[in-house]
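S.K.: Shown below is the structure under consideration.
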Amino acid sequence: MRPTIAALCLLALLACQSTAWAEDGGSRLKSLLERAKKKTPATKQTQQTAPAAAQTPAGEIHETYNINAQYRGTVKKAFMDIGHCDVVFATKPSGEFTVKVSGSVTDPENESRRYELQIDADYRAQGNRIDLLTDRSKFNQEAERHRERVLKDIPFIYIAKFTPYPAVAKDNAWLLNSQEFNIRHARTDEGGGEMQVTITERGGMIGKIFLETGEAVPHTIKKFRVVGTNDVVLSFVSPKYSAPAK
């Protein structure tokens, strides 16, 4: 067994004091040995109970959504189950997070037209500020027209899912890449009770997240809505809540 520093010091002390112990008949030797025995358990106990360095493991949550679409122009139209998407929320030990969305939509009025997107972006949230760190997202030609609006909504979906609900309904100002957005939490009785998180930019709604009322984090997303261009609204609905978006 490897000697401890305390044991080595004790041996050195014994060697230095050998002459003195011979003169006083070994009484001092007996006293020092007894003292050494009392110290040894304390040293071992300290070594055994020393806490290990804390580690925060990374985690991922995978979810699937059905896609509905609405046209909110002069003539309102609604289209159900026109596509699907997979979403991954990844939290890193450093506090950074990644959101991935892989989806495709077929135009219900022109089946030859498909919208495909692969969102893959890393962010950092500090207080009420979000910074885009890396964007590896890909949009096909049809989906490209909605790219800017979609990428504005994506990080706020993560924030809504992983942030505790405020005690009262209120507006909070957020910065995303130095642009100001407003986030409002409001508890409603809609759908048997839910928390609605509305995202606005310069007073106009660009997205909305519907969450279950449970207080535990991460919250359960019932659906989220992205307001695209040309009066098109896309709703991403959890299969558990397949009713048409209102």
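S.K.: Give me a count of the residues in the stretch 178-202 that are among the polar types (S, T, N, Q) and either at positive phi or outside the structural domain of His219 (by TED's automatic domain parsing) (or both).
M.R.: Residues in the stretch 178-202 being among the polar types (S, T, N, Q) and either at positive phi or outside the structural domain of His219 (by TED's automatic domain parsing) (or both): 1 in total.
S.K.: Would you confirm, using the coordinates I've provided, whether Tyr123 is aromatic (Phe, Trp, Tyr), crowded, with 16+ Cβ neighbours inside 10 Å, touching a residue at least 24 places away in the same chain (Cβ under 8 Å) and under 26 Å from Thr220 (Cβ atoms)?
M.R.: The answer is yes for Tyr123.
S.K.: Return the only residue of Leu211, Leu234 being closer than 27 Å to Asp81 by Cβ, in contact (Cβ under 8 Å) with a residue 12 or more places away in the chain and in contact with a His (Cβ under 6 Å, 6 or more places away or on another chain).
M.R.: Going through Leu211, Leu234 in turn, the sole match is Leu211.
S.K.: Now for a different question. Which residue out of Ile130, Ile157 is under 23 Å from Leu234 (Cα atoms) and under 16 Å from the mean Cα position of the chain (by Cα)?
M.R.: Going through Ile130, Ile157 in turn, the sole match is Ile157.
S.K.: Evaluate the stretch 226-246: report whether one residue or more is more than 19 Å from the chain's Cα centre (by Cα), in a helix (DSSP H, G or I) and not hydroxyl-bearing (Ser, Thr, Tyr).
M.R.: yes
S.K.: Criterion first (farther than 22 Å from Tyr165 by Cα, assigned by TED's automatic domain parsing to the domain that holds Leu151 and in contact (Cβ under 8 Å) with a residue 12 or more places away in the chain) does Gly228 satisfy it?
M.R.: yes
S.K.: Condition first: farther than 30 Å from Asn128 by Cβ, surrounded by 15 or more Cβ atoms within 10 Å (Cβ to Cβ), without any contact (Cβ under 8 Å) to a residue 40 or more places away in the chain and in contact with a strand residue (DSSP E or B) (Cβ under 7 Å, 6 or more places away or on another chain). Can you find one or more residues in the stretch 74-81 that meet it?
M.R.: Within the stretch 74-81, one or more residues are farther than 30 Å from Asn128 by Cβ, surrounded by 15 or more Cβ atoms within 10 Å (Cβ to Cβ), without any contact (Cβ under 8 Å) to a residue 40 or more places away in the chain and in contact with a strand residue (DSSP E or B) (Cβ under 7 Å, 6 or more places away or on another chain).
S.K.: Would you mind finding the one in Asp131, Asp153, Asp171 that is assigned to a helix (DSSP H, G or I) and either surrounded by fewer than 18 Cβ atoms within 10 Å (Cβ to Cβ) or in contact (Cβ under 8 Å) with a residue 12 or more places away in the chain (or both)?
M.R.: Exactly one of Asp131, Asp153, Asp171 is assigned to a helix (DSSP H, G or I) and either surrounded by fewer than 18 Cβ atoms within 10 Å (Cβ to Cβ) or in contact (Cβ under 8 Å) with a residue 12 or more places away in the chain (or both), namely Asp153.
S.K.: If you don't mind, there's one more thing I want to ask. If I ask for residues that are touching a helix residue (DSSP H, G or I) at 6+ places or on another chain (Cβ under 8 Å) and either β-branched (Val, Ile, Thr) or in a strand (DSSP E or B) (or both), which ones from the stretch 203-225 would you list?
M.R.: Ile206, Gly207, Ile209, Phe210, Leu211, Val217, Ile221, Lys222, Lys223, Phe224
The values are calculated or read from the model by the stated rules, or taken from the named source; none is laboratory data. Remember, predicted model here, so these are calculated numbers, not experimental data. Neighbour counts run over all protein chains shown; Cβ positions are idealised from the backbone, glycine included.
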